[in-house]
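One structure is given below, encoded as structure tokens.
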Amino acid sequence: MRFSLLLFVILRIHLEIYGQNFKSNFYPEEISNTTIIIKANLTTDKNGSTSNTQLNAFLRETNGELKAVFPQHRVEKSAKGAFDLSNIYQITYPYPTDAITLSKQISNMPNVIYAEPMILPRLCFTPSDSLISRQYQLEIIKAFQAWDIEKGDSNIVIGITDTGADLDHPDLVNKIAYNYDDPINGIDDDADGYIDNYFGWDTGDNDNDPSSGFTSHGDNVAGLAAAETNNGIGIAGTGFNCKFLPIKIENNTGQLTGAYQAIVYAADQGVDIINCSWGSYSASNFGNDIINYATNKGSLVICGAGNDGRNAKFYPAAYENAMAIGMTDSFDVIRSNSNYGYHIDLLAVGQGMITTAMNANYSYNGGTSMASPLVSGAAALVKSHYPQFTPLQIAEHLRNTADDISVRQTSEYIEKIGGGRLNMFAAVKNPLQPGVRTSIISILDGNDSAFVAGDTLRLTFKFINYLAPGSNFTAELSSPSNSIRILKKSYSIGALNTLEEKNNLNDPFLVVINNRGKSKELIEFKISVKANNYVRNSWFETTINVDYINFNHNDITTTLTSNGRIGYSNLSRGEGKGFVYKNSPALYEGSLMVGNFNSISDGFRGENNQTSEDFTNEETVKKIIPQKANHEFQGIFSAENNPDFEIQHKSYFYTNISNQNFVIHAYKIVALAELNNYYAGVLIDWDIMDYSKNKCEYDATNNLAYSYSTENNSPYLGIQLLSQNQATPFAIDNVAGGGSGGVDVSSGFSKSEKYTVLSNYNPIAGNVGIEGNDILSSLSYGPFSLTKDSSLVVAFAISAADSLTELRSLSEEIKTIYIRDRLDQFTVNRTPPKTYSFQSKVFPNPSKGLVTIEITLENDGEIEVIMHNSLGQEVLTIQQSGYYDYNAITFDSNNFGQGVYFLTIKADGKEKLHKIVLR
């Protein structure tokens, strides 16, 4: 009981990814607070010092210890590219840390490819809920018929990455893939970097003992996939003659710290199938790298999809090159606690199955943890039957030969259960069909990659046929969303031979975003690849109407936001580019701050290092037709914690001066009530080159607070007040104790401290260390007072140059431009809500095949379409929810005879009648 409670506390973890970029959308309860994973191009010496001086300083300051995750690895190359795990490291701490914040700091360092907290997966199993006939699942998945054709090859090995296995279990002992080249003698006989890995390996504790740990979970999984069959005792594994390799992933406290390392170990040992009955709701670059590495090495990774009954991605199952396995009951109905979604590949039985357990016992278990090894054993059988198959060919064949059980499911699971339920007999008997996988290349809008209303998106994909050749392949794009309109929906792929790849780069799908889209709406797209009787659907997603714009201009890249932040709309989710000068990131965090002694509004980190969320988007930032600068953007935001004002925001970029690397942010503070003794300022946490060697100083002549690194060739970054003659700088030493100025933000940043920063003068920071230290820079104006309905513009330039002389010269030019173009005179008006009248259009007309009905509505409501033939008989009725703005309904006219028909469209309390001719 002691361990059961401990396991629940430690492993109850949930994480998730943003799209395919694996940005830091981590659930805090599922990340390690003592370990960070980084991928970086650097070298290390025997003392642990690296070639990255900034990282060295960071490790010294934070007391972190760096070591290679895969010290035995070197760059591996294949026909499909290079997979280098030798540049993946972990940083460990002897105490809990803010791993997300530290990861972000590391990711901004030179030559760092990514940095992210280490994810701690959990086992995906649920307690058995019934005791039913022993191994009833073998009948359902047609294992007995499959074994009549294929009993498996003992040279095919299934890697069981789990909690270990009972190495002496009578039903497992003869099925272990022993490493006879490295017997137990204290010597690494086979020179693979692992001493005495005769039975397998324990990646959790890094030793050669993969025997059962705290639970029988690993034993349960191993038995279902690989228990000895036809031996007169116990149970039968679906892999029949195929062997298994036990790899224990939990450490001595029950945490699954060796999970992804186990996948690498299995792949390096030449394992054909790798079973992962564990995971989390967090994706990561690290995890994706590992799955791709294993796939390229020839291992198919098969994973439980999770047992929370959620339409959610669970990793590693949801990575593109892994197989995600959901579970059914004995009646081919998906279990209510099985995760589901468009990413699911296959279902298998996962309800109360008897299997092997520790101490030579047997027990019942269920869940996607137990469904996954059924598929792993079947995959090993397919590999035995088709030894030339690559991992993804095995996966496609299992999908192709699954039983379609969609008719037994409720509507919420439609198209979200993969190919269907595993059929082992079909997998070794049925002839090969095509197996086309679709993967996304890009979704582009031709400008800022911030997809908003009016943008036309260009979607390009690649199509790879992994199995039998086919001809006349077509791809069709569709979406259930009413927030977009598909202009070009089909692409002719043509013939595809086995392992042939094609793409539509020169003929992209075209999609227009409608005005009715919601803010940060996730749009799902379906690509249907068809040829003769073959159909394969794949789903993709992207976010539209984001509330920020990434903008590249000359030598700078930055992000314009709708919430008062500078450089990042949301730091923890990676929404934004920061402020990058000549490809070198320089900004960690930035925000406008407005308020007085009683109330400060901002979007900067606050107490307990939690980000303030004071500003609310009222008018999303957008690019407008420029009136004064070369590029102009505008938006409106208000302060949720202070209803007395709102802020109109404009940003300006110029190209027609000698040095154009700056952006002007002008903020018009509109008083909705009387404002007394207010301040407004910009606060930026600069991380220039080695952030621990930064300094901040002030040029009063130009109202310029500038920051730089004491390293050679450091750029200079500036904050300049343009709208008034007198600025108040406040430079902060971001070190324990606070350094000069008396503000210590190392453990949190209170509202009272922010008021101190806005209202007091402290021009210099960075002198705590000889070479500088981590610094923050603030520049403000105030105090000022406003009567109700009056306004004040406070404008700042954020600029960059190669030297202080150049930065000062640039600052003088910026001031001249600001005055010359009168950039303090502007108004941002709210966009009035667009109104629509009820309209409808039917095309093509005459028609044969797919008919589209486009409908615009004044209000949300129900739409009803009724079609009558020329005799007045009702032949078709369609009802669906409608939304103001654009709606589309389609139907196949081939289901009706040729002739004249009449369509009645009812919505908004009105009716419209269309005559249509069907050929």
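Grab the helices (runs of 4 or more DSSP H) fully contained in segment 91-205, keeping just those with 3 or more residues being among the hydrophobic types (A, V, I, L, M, F, W, C).
99-107, 143-149
Among the listed residues 677, 713, identify the single one that is in the same structural domain as residue 778 (by TED's automatic domain parsing), assigned to a loop (DSSP other than H, G, I, E, B) and surrounded by fewer than 24 Cβ atoms within 10 Å (Cβ to Cβ).
The conditions single out 713.
To keep it simple, each residue is scored yes or no on (1) of a type outside the set (Gly, Ala, Ser); (2) on the phi < 0 side of the Ramachandran plot; (3) free of Cβ contacts under 8 Å to residues at least 24 places away in the same chain; (4) not assigned by TED's automatic domain parsing to the domain that holds residue 589.
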{"site": "772", "(1), (2), (3), (4)": "no, no, no, no"}
{"site": "775", "(1), (2), (3), (4)": "yes, yes, no, no"}
{"site": "786", "(1), (2), (3), (4)": "yes, yes, no, no"}
{"site": "829", "(1), (2), (3), (4)": "yes, yes, yes, yes"}
{"site": "846", "(1), (2), (3), (4)": "yes, yes, no, yes"}
{"site": "856", "(1), (2), (3), (4)": "yes, yes, no, yes"}
{"site": "871", "(1), (2), (3), (4)": "yes, yes, yes, yes"}
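Give me the residue from segment 275-294 that is part of a helix (DSSP H, G or I) and among the aliphatic types (A, V, I, L, M) and, out of that set, surrounded by the fewest Cβ atoms within 10 Å (Cβ to Cβ).
291
Quick check on segment 399-413. Is at least one of its residues crowded, with 24+ Cβ neighbours inside 10 Å, outside any loop (DSSP other than H, G, I, E, B) and either out of contact with any Asp or Glu (no Cβ under 9 Å at 6 or more places or on another chain) or of a type outside the set (Val, Ile, Thr) (or both)?
Looking through segment 399-413, none of the residues is crowded, with 24+ Cβ neighbours inside 10 Å, outside any loop (DSSP other than H, G, I, E, B) and either out of contact with any Asp or Glu (no Cβ under 9 Å at 6 or more places or on another chain) or of a type outside the set (Val, Ile, Thr) (or both).
When residues of segment 122-157 are filtered for being modelled with pLDDT under 85, under 34 Å from the mean Cα position of the chain (by Cα) and not charged (D, E, K, R), how many remain?
6
Select, from 680, 671, the only residue that is in contact (Cβ under 8 Å) with a residue 40 or more places away in the chain, under 30 Å from residue 733 (Cβ atoms) and of a type in the set (Gly, Ala, Ser).
680
Only one residue in 684, 669 is touching a Leu at 6+ places or on another chain (Cβ under 8 Å), modelled with pLDDT of 95 or more, farther than 22 Å from residue 606 by Cα and in a strand (DSSP E or B). Which one?
From the options 684, 669, the qualifying one is 669.
Sort through 371, 378 and tell me the only one that's in contact with a Ser or Thr (Cβ under 6 Å, 6 or more places away or on another chain) and assigned to a helix (DSSP H, G or I).
Exactly one of 371, 378 is in contact with a Ser or Thr (Cβ under 6 Å, 6 or more places away or on another chain) and assigned to a helix (DSSP H, G or I), namely 378.
Return the residues of segment 267-290 that are closer than 15 Å to residue 160 by Cα and in contact with a strand residue (DSSP E or B) (Cβ under 9 Å, 6 or more places away or on another chain); say none if nothing qualifies.
Correct list: 267, 269, 270, 271, 272, 273, 274, 275, 276, 277, 278, 279.
Is it the case, given these coordinates, that residue 342 is within 21 Å of residue 121 (Cβ to Cβ), under 23 Å from the mean Cα position of the chain (by Cα) and touching a residue at least 24 places away in the same chain (Cβ under 8 Å)?
It is false that residue 342 is within 21 Å of residue 121 (Cβ to Cβ), under 23 Å from the mean Cα position of the chain (by Cα) and touching a residue at least 24 places away in the same chain (Cβ under 8 Å).
Each row is one residue, and each column tells you yes or no for (1) within 21 Å of residue 396 (Cα to Cα); (2) out of contact with any Phe, Trp or Tyr (no Cβ under 6 Å at 6 or more places or on another chain).
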residue	(1), (2)
276	yes, yes
300	yes, yes
305	yes, no
328	yes, yes
358	no, yes
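Could you tell me which residue of segment 423-469 is modelled with the lowest pLDDT, considering only residues that are under 23 Å from the mean Cα position of the chain (by Cα) and on the phi > 0 side of the Ramachandran plot?
Checking each candidate, the answer is 449.
Can you tell me how many residues within segment 146-166 are surrounded by fewer than 20 Cβ atoms within 10 Å (Cβ to Cβ) and among the polar types (S, T, N, Q)?
Total satisfying the criteria: 2.
Which residue out of 641, 677 is in contact with a strand residue (DSSP E or B) (Cβ under 8 Å, 6 or more places away or on another chain) and under 21 Å from residue 606 (Cβ atoms)?
Step by step, each of 641, 677 is checked, and only 641 is in contact with a strand residue (DSSP E or B) (Cβ under 8 Å, 6 or more places away or on another chain) and under 21 Å from residue 606 (Cβ atoms).
Within segment 468-512, can you find the residues that are among the charged types (D, E, K, R) and either closer than 30 Å to residue 388 by Cβ or assigned to a strand (DSSP E or B) (or both)?
476, 485, 488, 500, 501, 502
So, in segment 686-706, of the ones that are touching a strand residue (DSSP E or B) at 6+ places or on another chain (Cβ under 7 Å) and closer than 19 Å to residue 795 by Cα, which residue ends up surrounded by the fewest Cβ atoms within 10 Å (Cβ to Cβ)?
699
Could you check segment 854-879 and list, in sequence order, the residues that are at pLDDT below 90 and either under 22 Å from residue 487 (Cα atoms) or part of a loop (DSSP other than H, G, I, E, B) (or both)?
Within segment 854-879, 854, 855, 856, 857, 858, 859, 860 meet the criteria.
Every residue, every condition in (1) on the phi > 0 side of the Ramachandran plot; (2) surrounded by fewer than 22 Cβ atoms within 10 Å (Cβ to Cβ), yes or no:
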| residue | (1), (2) |
| --- | --- |
| 548 | no, no |
| 557 | no, yes |
| 565 | no, no |
| 569 | no, no |
| 574 | yes, yes |
| 606 | no, yes |
| 614 | no, no |
| 642 | no, yes |
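Only residues in segment 169-186 that are β-branched (Val, Ile, Thr) count as the first member; pair them with residues that are surrounded by 14 or more Cβ atoms within 10 Å (Cβ to Cβ), Cβ under 7 angstrom, at least 6 apart or cross-chain, and list the lot.
Between residues of segment 169-186 that are β-branched (Val, Ile, Thr) and residues that are surrounded by 14 or more Cβ atoms within 10 Å (Cβ to Cβ), the close pairs are 173/167; 176/167; 176/199; 176/243; 176/244; 176/246; 184/196; 184/198.
Just checking, which of 374, 381, 392 is in contact (Cβ under 8 Å) with a residue 12 or more places away in the chain, within 30 Å of residue 499 (Cα to Cα) and touching an Asp or Glu at 6+ places or on another chain (Cβ under 9 Å)?
381
Step by step: first the residues of segment 834-853, then only those that are part of a strand (DSSP E or B) and polar (S, T, N, Q), then the one that is nearest to residue 900 (Cα to Cα). Which residue is that?
847
Specify the residue that is surrounded by the fewest Cβ atoms within 10 Å (Cβ to Cβ); the eligible residues are those in segment 794-804 that are in contact with a Phe, Trp or Tyr (Cβ under 7 Å, 6 or more places away or on another chain) and outside any loop (DSSP other than H, G, I, E, B).
804
Being at pLDDT below 90, over 24 Å from residue 43 (Cβ atoms) and buried (at least 23 other Cβ atoms within 10 Å of the Cβ), is that true of even one residue in segment 93-104?
Yes, the conditions are met somewhere in segment 93-104.
Can residue 746 be described as touching a Lys or Arg at 6+ places or on another chain (Cβ under 6 Å) and of a type in the set (Gly, Ala, Ser)?
no
The values are calculated or read from the model by the stated rules, or taken from the named source; none is laboratory data. Fair warning: this is a prediction, and the values are worked out from it, not measured in the lab. Every residue, glycine as well, gets a Cβ built from its backbone with ideal geometry; the counts of neighbours run over all protein chains shown.
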